[in-house]
């Protein structure tokens with residue numbers, strides 16, 4: 001059942017349940033920060049509207065910088081602003097930022113310990129029809145290896161607003177990952193959010209496996225858990241909204257009884273959230289694991305829901321992975 | 001605090017530049033790796049900045065109102081380290097630690113390692129953008145300090161530079177001055193062979209910048225050109241500083257092979273001998 005302590009959206013399984021894109025949470029979160037922190041500034045590389053940064057730009061034109069289609073320039077300008085006391089939020093698509101400008105960010109923002117917030121939008125395969133050129137499916141891997149960065153991947157629009165606001169609360173650089181289309185709203189305004197804390201969204205008396213999910217894919221995991229429970233495979237579903245710093249205590253607590261793990265993410269399995277959890281478990285408590293995500297392949301054009309199914313990332317694939325890890329555990 | 005410069009101060013700065021070149025050769029020899037040509041050719045510029053142009057306080061390197069000197073071509077950092085040590089940011093003795101374990105003097109400058117460095121640099125093409133960010137923050141905070149960005153010329157091959165040049169031109173950024181170390185060499189050869197930059201003045205002008213040129217080894221002219229740059233307020237200004245690579249050490253001058261290597265013991269001895277003799281020459285010229 002849904003964890004009652006988390007005050008989740010009770011209608012999250014309904015076909016006509018509320019839906020919103022996580023990028024909308026970025027727009028409203030950034031606007032809130034603009035109103036409450038005069039040091040917050042925003043930059044866009046010709047994508048203000050689709051990243052929802054335009055809400056900030058319209059209200060605070062003096063603190064908004066349009067750099068045109070130049071992601072390296074945006075990264076290094078942000079670093080300069082940050083070392084001079086500003087908190088820059090730089091908005092673009094994740095393929096371009098932190099993709100195209102990776103080394104610029106590495107040198108001027110991350111190694112330089114600059115308080116830069118990198119908002120990577122249109123992440124994952126959800127840019128569907130645009131094709132794999134615009135599907136950022138490596139962004140977690142290429143940021144997770146940076147010393148000193150924090151990485152937040154909100155599961156829905158409400159959590160996205162909270163994560164955006166929370167990112168200004170640390171002086172560390174932060175990578176924030178947002179997606180384009182409307183997806184189910186699973187949390188409510190009353191759902192607690194804390195950076196670095198995993199949350200068990202789906203709980204059961206004697207779970208046999210733990211499903212760690214990040215971003216909007218959490219909804220697929222919850223649907224899978226609900227169906228698995230009816231089929232006699234009780235599970236825990238954990239929302240991994242912070243990938244770095246990794247909630248190691250949470251991993252231990254949520255796998256202590258289940259001793260079997262499935263990770264779910266819209267990202268390459270190499271280097272993503274699943275890899276992070278595997279790296280930790282390998283040295284503390286190795287367990288049977290399955291990884292849902294892109295399996296060392298690029299995706300393609302098409303409606304994103306159909307890509308999810310074709311590339312074995314949907315509910316069916318999650319259920320089959322859960323059954324597999326439970327079987328391996330019992331061997 | 002940029003003022004016209006009187007004869008006595010000018011002589012003092014010229015002597016400091018020669019002293020700086022000696023220290024630089026010793027530092028490079030001790031480090032055993034690093035770049036020679038660029039640091040030697042920017043010595044006069046760095047001495048002029050740290051001892052005459054910059055509004056700064058070596059004992060208070062985080063002073064919020066200080067002028068910012070951003071070094072984009074981080075590989076010439078030995079010249080910055082030498083001049084910072086001479087200015088009192090840290091003991092001269094510490095120059096011996098360059099490129100060694102546990103040193104604050106990283107092979108390419110790292111902002112958080114040593115107070116007084118404004119940015120982390122080395123990978124080329126990123127300093128102008130960082131300087132723009134610093135200059136924008138000054139405008140937001142209504143501060144009056146200047147941001148100076150020194151770049152290489154080979155570095156202008158990088159696309160990031162032209163993204164930044166385009167942006168600064170667009171917003172008419174007037175509290176930043178870019179100085180190009182126009183020494184005509186890069187690792188693979190002469191700039192005009194590797195990737196031609198000329199006509200460089202016209203390129204900047206086309207991006208709506210004001211362009212000035214100077215002899216990078218004429219301290220009086222450097223002071224004048226920065227004063228002139230600061231008087232231009234309707235657009236950003238670039239100073240193309242024509243430099244002789246390896247300046248002051250004859251066998252290194254104008255030879256691109258000295259871009260990326262330090263002198264060995266014998267070469268350092270020869271270089272130091274020449275620099276010491278040259279110093280005598282400059283003194284006698286001023287006495288004449």
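Bear in mind these aren't lab numbers, they're just calculated from the coordinates by the rules spelled out. Small disclaimer: the values here were computed from a predicted structure and weren't measured. Using ideal geometry, Cβ is built from the backbone for each residue, glycine included, and neighbour counts are taken over all protein chains shown.
Each of residue A:62 and residue A:36 was given a label point 7 Å from its Cα along the Cα-to-Cβ line. The distance between the two points is 2.2 nm.
Each label was represented as a point 7 Å from its Cα along the Cα-to-Cβ direction; for residue A:69 and residue B:261 these points are 4.3 nm apart. Counting Cβ atoms of other protein chains within 10 Å of each residue's Cβ and taking the mean over peptide A:63-72 gives 4.
Between residue A:295 and residue A:331, what's the calculated FRET efficiency when r is the beta-carbon distance and R0 is 22 Å? Round to 0.05.
0.40
GNM on chain A, alpha-carbon springs under 10 angstrom: the most fluctuating residue among A:283, A:100, A:161 is A:283. Within 10 Å of the Cβ of each residue in B:68-74, the mean number of Cβ atoms contributed by other protein chains is 1.
Between residue B:96 and residue B:251, full extension at 0.36 nm per residue minus the direct alpha carbon distance yields a gain of 53.4 nm.
Could you tell me which of rounded, prolate or oblate describes segment A:19-184, using a ≥ b ≥ c as the square roots of the eigenvalues of the alpha-carbon gyration tensor, with rounded for a/c under 1.5 and, failing that, prolate when a/b is larger than b/c and oblate otherwise? Cα axes put segment A:19-184 in the rounded bin. If one takes the longest principal axis of the Cα atoms in chain A, at what angle in degrees, from 0 to 90 and to the nearest 10, does the Cα axis of helix A:273-284 lie? Approximately 60 degrees, to the nearest ten.
Subtracting the Cα-Cα distance of residue B:33 and residue B:104 from 0.36 nm times their residue separation leaves 23.9 nm of extension gain.
The simple Förster model, with R0 at 56 Å and r as the Cβ-Cβ distance, assigns residue A:206 and residue B:208 a FRET efficiency of 0.20.
Footprinting exposure proxy ranking of A:126, A:1, fewest other C-beta atoms within 10 angstrom first, gives A:1, A:126.
Each residue, residue A:324 and residue A:189, gets one label point 7 Å from its Cα in the Cβ direction; the gap between the two is 4.3 nm.
Relative to the longest principal axis of the Cα atoms of chain A, the long axis of helix A:315-330 makes an angle of roughly 60 degrees. Each helix, a run of at least 4 DSSP H residues, gives -39500 (n - 2.57); summed and divided by the residues of chain B, these come to -13000 deg cm²/dmol at 222 nm.
For chain A, a Gaussian network of Cα nodes joined below 10 Å ranks A:177, A:253, A:23 by mean-square fluctuation, and the top entry is A:253.
Over the residues of chain A, the helix contribution to mean residue ellipticity at 222 nm works out to -9500 deg cm²/dmol, using -39500 (n - 2.57) for each DSSP H run of at least 4. From the Cα gyration tensor of the protein assembly as shown, with a ≥ b ≥ c the square roots of its eigenvalues, which class applies: rounded if a/c is under 1.5, or else prolate if a/b is larger than b/c, or else oblate? It is prolate, given that a/c is not under 1.5 and a/b is the larger ratio. What the Cβ-Cβ distance of residue A:230 and residue A:3 gives, at R0 = 25 Å and to the nearest 0.05, is a FRET efficiency of 0.85.
The angle separating the long axis of helix A:22-36 from the principal Cα axis of greatest extent in chain A is about 50 degrees. Structure remark: mean-square fluctuation, Gaussian network model of chain B, C-alpha springs under 10 Å; the largest value among B:44, B:181, B:266 belongs to B:266. Counts of other chain beta carbons within 10 angstrom of each beta carbon in peptide B:100-112 average 1. Restricting to the protein assembly as shown, compute how many DSSP beta bridges are antiparallel as a %, nearest 5. Approximately 15 percent, going by the DSSP bridge assignments.
Identify the residues of segment B:1-37 with backbone N under 17 Å of a label point that sits 7 angstrom from the Cα of residue B:231 along the Cα-to-Cβ direction, or state none. Backbone N within reach: B:1-6.
Mean sequence separation of contacting Cα pairs (under 8 Å, at least six apart), scaled by the length of chain B, corresponds to a relative contact order of 25 percent.
Work out, step by step, the length gained on full extension between residue B:59 and residue B:269: first 0.36 nm times the residue separation, then minus their alpha carbon distance; give nm to one decimal. The partial results should precede the final answer.
Details: separation 210, 0.36 × 210 = 75.60 nm, distance 3.36 nm.
Residue separation times 0.36 nm, minus the Cα-Cα distance, leaves 72.2 nm.
Which shape class applies to chain B: rounded if a/c is under 1.5, otherwise prolate when a/b exceeds b/c and oblate if not, where a ≥ b ≥ c are the square roots of the Cα gyration tensor eigenvalues? Note, shape of chain B comes out rounded. Measuring between their Cα centroids, segment B:209-280 and segment A:45-116 lie 34 Å from each other.
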